[in-house]
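Working notes, structure below.
Every read-out reported here was derived from the displayed coordinates using simple, explicitly stated rules and does not represent laboratory data. All values derive from a computational prediction rather than experimental measurement. No Cβ is skipped: glycine too gets one built from the backbone with ideal geometry, and neighbour counts run over all protein chains shown.
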Amino acid sequence: CYLYRHAIEVVLKELIRKADKLIGLMKYLDGEEDSTSVDDGLEEFLQCTHSLEGLYDALLSKLAVTHPGGEIPAATHAAIIELHNRDSNGESFRYSRAKRTGRAVFDKQESFDIQRISARLGEAFRFLSWGVGGALSADIDSTNDYLTEMMRCAYPSM
């Protein structure tokens, strides 16, 4: 669970960076900005947070700009929120006791269906990484290709 949680945290952070870059390119094409980054405090936010819910919300707000009307499947959303609720700061699956309080992380005996958990989290990770990440990468690449071609046409001798 720790590895899936960490992988989802890392992919959410990377998707937020990609979406931010795409927003910057979109604004540049509209003549609004001369930058490929929109959010000045983005890196600080990404470095300081481990909240899957906060990262997921940040991604959704950026995707609303880059892909209006696009939706994250309910199963992916539910998997992320359930994982966040079980481990809101990235420590519950990593340590047997909470670092701040010393209390047992899982203070009652529970059983977990590892195959079900692996399937749900794996599906969520693949959708985010391959689906959302693939779409953002393709859009960034095509926008950069368009800008390169526009520059080549505007300055043919270069």
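Between H6 and S51, what is the label-point separation in nm under the 7 Å Cα-to-beta-carbon projection? Spacing of the two 7 Å Cα→Cβ label points: 2.3 nm.
Computed over all pairs of different Cα atoms, the Kirkwood value for the hydrodynamic radius of segment 87-158 is 16.8 Å. The per residue volume of the convex hull around the alpha-carbon atoms of the chain is 123 Å³. Applying a DSSP loop filter and a limit of 13 other Cβ atoms within 10 Å to the chymotrypsin sites (Phe, Trp or Tyr not before Pro) in segment 57-158 leaves Y95, F106, F112. A simple charge model with +1 on the Cβ of Lys and Arg, -1 on the Cβ of Asp and Glu and nothing else charged puts the dipole of the chain at about 900 debye relative to its Cα centre. For the chain, the mean residue ellipticity at 222 nm estimated from helices alone is -20500 deg cm²/dmol, where every DSSP H run of n ≥ 4 contributes -39500 (n - 2.57) and the total is divided by all residues, rounded to the nearest 500. Within the shell defined by Cβ-Cβ distances under 12 Å, the residues around I80 carry a net charge of -3, with Lys and Arg each +1 and Asp and Glu each -1. Amide H contacts of R97: V105, each under 5 Å away and 5 or more positions distant or on a separate chain (H built 1.01 Å from N in the peptide plane; Pro and chain starts excluded). In segment 1-104, if the dipole is taken from +1 on Lys/Arg beta carbons and -1 on Asp/Glu beta carbons about the Cα centre, which of C1, S88, A58 is farthest to the positive end? So the residue furthest toward the plus end is C1. The longest part of the chain holding none of the exposed loop GluC sites (Glu not before Pro), meaning those outside H, G, I, E and B in DSSP with at most 14 other Cβ atoms within 10 Å, is 111-158. Taking trypsin sites (Lys or Arg not before Pro) as exposed when DSSP calls them loop and at most 12 other C-beta atoms lie within 10 angstrom, the chain has its longest site-free stretch at 1-98.
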